[in-house]
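Student: Here it is, the structure in full.
The values are calculated or read from the model by the stated rules, or taken from the named source; none is laboratory data. Just so it is clear, the model here is predicted, and its values are computed rather than measured. Positions of Cβ are generated from backbone atoms using ideal geometry, with glycine treated the same way; all protein chains shown enter the neighbour counts. When the accessible area is computed, the model is the full protein with side chains, heavy atoms only, and any ligands, DNA or RNA have been set aside. Shrake-Rupley method; radii C 1.70, N 1.55, O 1.52, S 1.80 Å.
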Amino acid sequence: MNEFWIAPSILSADFARLGEEVDNVLKSGADIVHFDVMDNHYVPNLTIGPLVCEALRKHGVTAPIDVHLMVKPVDRIIPDFAKAGASYITFHPEASEHVDRSLQLVKDSGCKAGLVFNPATPLNYLDHVMDKLDMILLMSVNPGFGGQSFIPYVLDKVRECRRRIDASGRNIRLEIDGGVNAKNIREIAAAGCDTFVAGSAVFGAGQADDPNRYDSIIRALRGELAQARA
């Protein structure tokens, strides 16, 4: 199984100081920057576009950037995020007319590709495209807003997805997003996830006396993950 990655979602960061926020959370020990892209169409909210991704790259962010597209249609925006510096681009199968084609577009644009599954979306979309996937993202809340509570039944979906990944023999990361915090991250890891998106649980837990503001919360998350593999 892959090493554990902590992926703070910048949706919960202070956008007036976004470059500094991302610098601090990476210095605190986070592994990857998570981008939540919403279009007020596929989901009822409007967030950020490729110019913000490009700005972070120009600011000096070198860590992987994990772009989660909650937009419909997806094909038009994929090349823009690839050009802006995305490392991973994931999208919802319901938002694509041709899932295989959209995955190949991500690959052809130079990024790693993934699918995102809402809590009630079946995993059968995986049946024919495992060879094109670098990441599978399971939503443990319904997408559109930060700060929601984890939906417990998604843990069964995590276990089934882990079984599918292991059976495929492919190096596919299994990511979870929604309501992840220090109280439940160990259980989620034990179910089979290796990549953990946390927004308000990280950016809402900053400590002024931490050298990089988020050291304490990242350390707490790492401690729980270590217990999952003990």
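Student: Which of the following residues is hydrophobic (A, V, I, L, M, F, W, C), touching a Gly at 6+ places or on another chain (Cβ under 7 Å) and part of a loop (DSSP other than H, G, I, E, B): 158, 141? Step through it out loud before you land on a result.
Tutor: Working: 158 fails: part of a loop (DSSP other than H, G, I, E, B).
Sole residue among the options that is hydrophobic (A, V, I, L, M, F, W, C), touching a Gly at 6+ places or on another chain (Cβ under 7 Å) and part of a loop (DSSP other than H, G, I, E, B): 141.
Student: Here's something else I'd like to know. Check off (1) open to solvent by 10 Å² or more (accessible area, probe 1.4 Å); (2) not in a loop (DSSP other than H, G, I, E, B) for residue 72 and give me the number that stays unchecked.
Tutor: All conditions are met except number (2).
Student: Residue 226 fails exactly one of the following numbered conditions: (1) assigned to a strand (DSSP E or B); (2) open to solvent by 50 Å² or more (accessible area, probe 1.4 Å). What is the number of that condition?
Tutor: Just one mismatch for residue 226, condition (1).
Student: Mind checking which residues of segment 78-99 are within 19 Å of residue 41 (Cβ to Cβ) and open to solvent by less than 30 Å² (accessible area, probe 1.4 Å)?
Tutor: 78, 81, 89, 90, 91, 92, 93, 95, 96, 99
Student: Filter segment 149-166 down to the residues that are open to solvent by 60 Å² or more (accessible area, probe 1.4 Å), out of contact with any helix residue (DSSP H, G or I) (no Cβ under 9 Å at 6 or more places or on another chain) and not acidic (Asp, Glu), then identify the one that is farthest from residue 118 (Cα to Cα).
Tutor: Ranking the qualifying residues of segment 149-166, first place goes to 163.
Student: If a residue must be touching a residue at least 12 places away in the same chain (Cβ under 8 Å), open to solvent by 10 Å² or more (accessible area, probe 1.4 Å) and not in a loop (DSSP other than H, G, I, E, B), how many such residues does segment 100-138 contain?
Tutor: 12
Student: Is it fair to say residue 30 is part of a loop (DSSP other than H, G, I, E, B) and either modelled with pLDDT under 95 or within 17 Å of the chain's Cα centre (by Cα) (or both)?
Tutor: yes
Student: As an exercise: evaluate residue 9 against (1) farther than 19 Å from residue 181 by Cα; (2) of a type in the set (Ser, Thr, Tyr); (3) touching a strand residue (DSSP E or B) at 6+ places or on another chain (Cβ under 8 Å) and give the number of the one condition it does not meet.
Tutor: So the condition that residue 9 fails would be (1).
Student: From the list 164, 170, exactly one residue is at pLDDT 95 or above and in a helix (DSSP H, G or I). Which is it? If you could, list the steps in order and put the result at the bottom.
Tutor: Values: 170 fails: in a helix (DSSP H, G or I).
Within the list 164, 170, the selection yields 164.
Student: Kindly indicate the residue of segment 171-201 that is in contact with a strand residue (DSSP E or B) (Cβ under 7 Å, 6 or more places away or on another chain) and of a type in the set (S, T, N, Q) and also least open to solvent (accessible area, probe 1.4 Å) among those meeting that condition.
Tutor: In this case the residue turns out to be 195.
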